[in-house]
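Working notes, beginning with the structure itself.
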Amino acid sequence: MGRHYDTYPVLPGFKRHGTSEEAAHSMIPELSFLRGECLKAIAALDSTADEVATVVGRTVLAIRPRITELNKLELIYDSGLRRKNDSGRNAIVWRWSGIAVPVNIEEKEEVRRKRNGQT
């Protein structure tokens, strides 16, 4: 058995050595910050990955892997609901598992405003 703290989903995953591995490693410096922002957004309001990307102000390419990692870490789960994402396809609506990251009412309202395009 290897050390579990230096592997996926604790660290970003990659499928092939080369550019995929480089991209995963490039996310490490901001990994905790992005995961925290994603978790706060979902804790405040059940959201799709695209909705989280809007709230956090990052591309879905940076956010979708963080959502998968949070799910693998059991910090969020599939609510069973679906909403259309930006491409028009059905997307999972993620829900906070209740572990860590309490969210206050002001943060919840801020997430709602950002998700609706209001600043």
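The values are calculated or read from the model by the stated rules, or taken from the named source; none is laboratory data. These numbers were taken from a predicted model, which means no experiment stands behind them. Here the Cβ positions follow ideal geometry from the backbone for every residue, glycine too, while neighbour counts run over all protein chains shown.
Here are the numbers for the structure shown:
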| item | result |
| --- | --- |
| Arg16, sole failed condition from (1) assigned to a helix (DSSP H, G or I); (2) exposed (fewer than 11 other Cβ atoms within 10 Å of the Cβ) | (1) |
| Checklist (1) modelled with pLDDT under 85; (2) within 27 Å of Ser26 (Cβ to Cβ) applied to Lys108, failing item | (2) |
| Those residues of the stretch 54-99 which are in a helix (DSSP H, G or I), under 18 Å from Arg115 (Cα atoms) and free of Cβ contacts under 8 Å to residues at least 24 places away in the same chain, in sequence order | Val56, Leu61, Arg64 |
